Amino acid sequence: MGKKTLAVQIISEKLSREVSPGEIVVLPVDRAFCQDGTGPLAIDGILSLSMGLKNPSNCYFFIDHAVPPPRKELANAHKKIKNFAREYKAKVIQEGICHQMMIEKFAAPFDIIVGADSHTPTSGALGCFAAGFGSTDAASAMATGSVWIKVPRSIGFKLSGKLKRGVSAKDVILKIIGDIGSSGAIYKVMEFFGGGLKNIPMESRFTISNMTIEAGAKTGIFPADEFVKEWLSAQGRSDDFRPLEAFEDAYEEKHEIILDDVVPCVACPHEVSNVERIEKVAGEPIDVVVIGTCTNGRISDFEAAFEILKNAKKLAAYLIIVPASQTVVEKMVEKGIFSRLNSLGAKILPPGCGPCCGVHEGILADGERALSTANRNFRGRMGNPQSFVWLSSPQTAAATAITGKITDPREML
Amino acid sequence: MIEGKVHRFGDNVSTDLICPGRFYHLRGNLQELAKHTLEDADASFAKKVEKGDIIVAGRNFGCGSSREHAARIIKMSGISCVIASSFARIFFRNCINIGLPAVEVPTKNFADADIAEVNLKDGFVENKTKNFRLSFPKFPEKIVKILETGGLVEYIKENKSL
């Protein structure tokens, strides 16, 4: 299969035959999941189908978007999910954001993952085909054990070199989205390969695959290499590893990214593709800074932010911290980051989606301006259409929290 | 055959604009949620939309969050078809899965209040106000069947499988 893309390799392997881009195929699903925003509607679909769940142990219901529930309607939605899962023997998971839980506990190379959440591609960094779907597709996947898709074409991103100090994977994916646009990869898969991968650690790869949807991609996939093997081993899942190799000649469309040339970038309101180099926006006043979420809520993100924040005496912006899972919280405590951020005045939220989706825990006031390490800055995203959201790396967010204006993190390292 | 009055939207209308996160608690009550359809793109939309009307948008309509509620409340508001220069893929699937036709043609020559006709069988959109016709590739057979049966749930019930 020398010239096949990663997506075609995975799908062909699953169907035990060679597939071609453009073909419509019905794929067996290895894992299907919903969260508390999409789960109740999926449950209605499953009940309407009256087929039960094909493989209950592969069906996951995550409660992460509104946790703990901020109002009775959402408490009732959680109750509906828990009752359904108990009756149908599906899993309910409440220890973190769905995508973080998938990469910590479940996703493995060559998996086909159907997630009723658009950031499902996060798991693609482990060499699987993980795409976001709506509630009805998730219901169908859980009831029938399968999903129909059009075999996608892929765009190759060849990474070379090494990121400079103060620059992160978030800057890489923001730069790519700025370059190709918010529909630059529509209906396609973004695949990452090349010698530069050895300088992009696993947690950074999750940040990149997480945001491929913001360029319209069906998913983002990385090869399953030694980094994936180490990650799975660290999660106690060594047996889940299978190698998956990328081939440069598989791609009709290809972009080269020289990591040494990437600089800190910021996505400006109200589009993720509205990306500027930091020097163009430095000095913009910021009221609220958010570090965390499924995009940048892993321990290495907080370590990178802390490297800058540890020298601060006080903060000029209101700083909200949202770890991606309870395991991440434990690591923050172990490393002393939790207590230092707490004493600096940061508001540390329970693991979950937090203020990213505008439900609770950090709604912005009229005219307020936030800089967030999350993945979306659409108008109204953080709960108020009269507010403004910029997106950046954890390092840029940390520097900005200290000064209260968008600040180049390289000035503070 | 589908015919209706056009409501014109621009590029990159996200599901956050169609179905804002601040109404998250209404997701269990779609009737109420539908009163806020497209509120952050056009605050008056839910009040002025009439049964049978058609949405015409630019590039990447429905981008962002996978929330199927966005497609559902558009349908519940009375919209008979969504036409766009391109769709975000999750939103496109959601439309098909709930039986809401979603058609891709270049839309730059459509304006608010034009009358449009959509013929799914023969694959064309006609702007009756401006008198031009645009064709689109026919849907794959599976998608036609899903739309005809009224959505994916009904399709699976009828066929006993996907």
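Every number in this text was worked out from the coordinates using simple rules, so none of it is lab data. All values derive from a computational prediction rather than experimental measurement. Cβ sites come from the backbone with ideal geometry, for glycine too, and all protein chains shown count toward neighbours.
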Segment A:68-108: C-alpha pair distances exceeding 16 Å, %: 49
FRET efficiency, 1/(1 + (r/R0)^6) with R0 25 Å, evaluated for B:Glu148 and B:Ile115 via beta carbons: 0.50
Relative packing of peptides A:378-384, B:86-92, A:135-141 - highest average C-beta neighbours within 10 Å first: A:135-141, B:86-92, A:378-384
Averaged over B:61-74, number of beta-carbon atoms from partner chains that fall within 10 Å: 6
Square roots of five times the Cα gyration tensor eigenvalues for chain B, Å: 22, 21, 13
Within 10 Å of each Cβ in A:349-361, the average number of Cβ atoms from other chains: 2
Label-point gap, in nm, between A:Ser339 and A:Asn199 - each point 7 angstrom along Cα→Cβ: 3.7
Rg to Rh, two decimals, where segment A:44-114 supplies the alpha carbon set and Rh follows Kirkwood: 0.99
Centroid-to-centroid separation of segment B:19-58 and segment A:89-167 [C-alpha atoms, Å]: 29
Cross-link partners of A:Lys4 among lysines (Cα-Cα below 27 Å; sequence separation of 8 or more within a chain): A:Lys14, A:Lys150, A:Lys158, A:Lys162, A:Lys175, A:Lys188, A:Lys198, A:Lys218, A:Lys229, A:Lys254, B:Lys142
Total charge dipole magnitude, the protein assembly as shown, about the Cα centre, Cβ charges on Lys, Arg, Asp, Glu only, Debye to nearest 20: 740
Cβ crowding within 10 Å averaged over residues, with B:29-37, A:300-308 ranked highest first: A:300-308, B:29-37
Value of D in µm² per second that Stokes-Einstein yields for segment A:155-293, Kirkwood Rh from Cα pairs, at 25 °C (0.890 mPa s): 154
Paired Rg and Dmax values of segment A:6-260, which use every Cα atom, in angstrom: 18.0, 55
q = 0.10 Å⁻¹, the protein assembly as shown: log10 I(q)/I(0) [Debye, one scatterer per Cα]: -0.79
Cα pair distances of segment A:265-408 binned at 10 Å [whole percent]: 14, 48, 33, 6
